[in-house]
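Heads up: the structure comes next, in structure tokens.
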């Protein structure tokens, strides 16, 4: 029997370009990490009790703690202050990030700098809850957001060791060429994101497709076992031969 799923949150950051589809920020997980070691993922992590307390105090909805966690984790992991107002100066971002890494409470750090959260700047996109016995399970909410203008990004050097701005199509091509490792949920979400020519297009699609909890399942297709997802969740590819899949 699996342990209870760990609540988590992920932020898919899309940066517009002068032409062509937006670029997405991805980070490479450290090789020693217990989950998705060496894989390229979107910034994010666990929802902490402090995130839940902040969401309750702010009177946010059912996904409020996940929005706060996505904002906090993105600041910790790549140094981007998304969903924080007013826009912090670079020195403030560095100071808050450093103190978050030291274990300081997010709400107190924001208050000390005169900052507040703007969680409505995140657009809900998906929810994934895998079910594979014997593995660590995360119940993850995915959000879309845009980065601040002229924002600098930098890896934290612990959980993540490299970052990359790439289009969804280029990330998929790199994975197919063996130049990048991605896990199953990341691949499916990249395929979905590759459909959009702009951040606005992605958000409009998200608004049109009700979020449902996606739990992959095994189904035989053409005599070959596939790991599959529901056909009505907004994803253009709904199955992959199971022997090709990296699940975590």
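The values are calculated or read from the model by the stated rules, or taken from the named source; none is laboratory data. All values derive from a computational prediction rather than experimental measurement. With ideal geometry, Cβ positions are generated from the backbone for all residues, glycine too; neighbour counts draw on all protein chains shown.
Observations, loosely collected:
- Test result for residue 52, touching a residue at least 12 places away in the same chain (Cβ under 8 Å) and not in a helix (DSSP H, G or I): no
- Hits in segment 152-171 (condition: assigned to a helix (DSSP H, G or I) and surrounded by 19 or more Cβ atoms within 10 Å (Cβ to Cβ)): 168, 171
Per-residue answers, yes or no, for (1) touching a residue at least 12 places away in the same chain (Cβ under 8 Å); (2) within 15 Å of the chain's Cα centre (by Cα); (3) part of a strand (DSSP E or B):
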residue: 107; (1), (2), (3): yes, no, no
residue: 111; (1), (2), (3): no, no, no
residue: 126; (1), (2), (3): yes, yes, yes
residue: 131; (1), (2), (3): yes, no, no
residue: 136; (1), (2), (3): yes, no, no
residue: 142; (1), (2), (3): yes, yes, yes
residue: 149; (1), (2), (3): no, no, no
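- Taking the criterion of being without any contact (Cβ under 8 Å) to a residue 40 or more places away in the chain and in contact with a helix residue (DSSP H, G or I) (Cβ under 9 Å, 6 or more places away or on another chain), the residues of segment 188-218 that qualify are 205, 218.
- Residue 148, sole failed condition from (1) buried (at least 17 other Cβ atoms within 10 Å of the Cβ); (2) out of contact with any strand residue (DSSP E or B) (no Cβ under 6 Å at 6 or more places or on another chain); (3) closer than 16 Å to residue 11 by Cβ: (1)
- Residue 140 vs. criteria touching a strand residue (DSSP E or B) at 6+ places or on another chain (Cβ under 8 Å) and surrounded by 16 or more Cβ atoms within 10 Å (Cβ to Cβ): yes
- Reported count of residues in segment 207-248, each being part of a helix (DSSP H, G or I) and surrounded by 12 or more Cβ atoms within 10 Å (Cβ to Cβ), is 1.
- Check on residue 163, touching a strand residue (DSSP E or B) at 6+ places or on another chain (Cβ under 8 Å) and closer than 29 Å to residue 3 by Cβ: no
- Filtering segment 176-198 to residues that are assigned to a helix (DSSP H, G or I) and surrounded by fewer than 19 Cβ atoms within 10 Å (Cβ to Cβ) leaves 176, 191.
- Residues located in segment 161-175, provided they are at pLDDT below 95 and under 27 Å from residue 213 (Cα atoms): 175
- Identity of the residue in segment 77-106, out of contact with any strand residue (DSSP E or B) (no Cβ under 8 Å at 6 or more places or on another chain) and buried (at least 19 other Cβ atoms within 10 Å of the Cβ), that ends up farthest from residue 158 (Cα to Cα): 88
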